[in-house]
Amino acid sequence: MRSTVQARLDEASRRHLAQLVRNLGWSPSRVVREALRRMASSQFAGRRPRITGLGEFSSGISDLGSNKKHLRGFGG
């Protein structure tokens, strides 16, 4: 199954794509397909998507998200 994708690239991304096309001798489509394949197989395979920032900061309070007394007055 083939499909067409259009993307707006910023200048830096456009330069990266052009450089990869030159260096690899591939078409822009092939570069994009390979990049998608690699991302799908390495970054997301077998993992659930993460919420950005989740678990990034330590409050030192072990029950911060489950104890209602810590949330009193928060959020109006």
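Here is the figure for region 17-38: residues that are loosely packed, with under 10 Cβ neighbours inside 10 Å and in a helix (DSSP H, G or I) total 2.
Let's see how each residue does on (1) of a type outside the set (Gly, Ala, Ser); (2) modelled with pLDDT under 95:
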| position | (1), (2) |
| --- | --- |
| ARG15 | yes, no |
| VAL32 | yes, no |
| ALA35 | no, yes |
| SER42 | no, yes |
| ARG50 | yes, yes |
| LEU54 | yes, yes |
| SER59 | no, yes |
| SER66 | no, yes |
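The values are calculated or read from the model by the stated rules, or taken from the named source; none is laboratory data. The structure displayed is predicted, hence computed values, not measured ones. Every residue, glycine among them, receives a Cβ derived from its backbone with ideal geometry; neighbour counts consider all protein chains shown.
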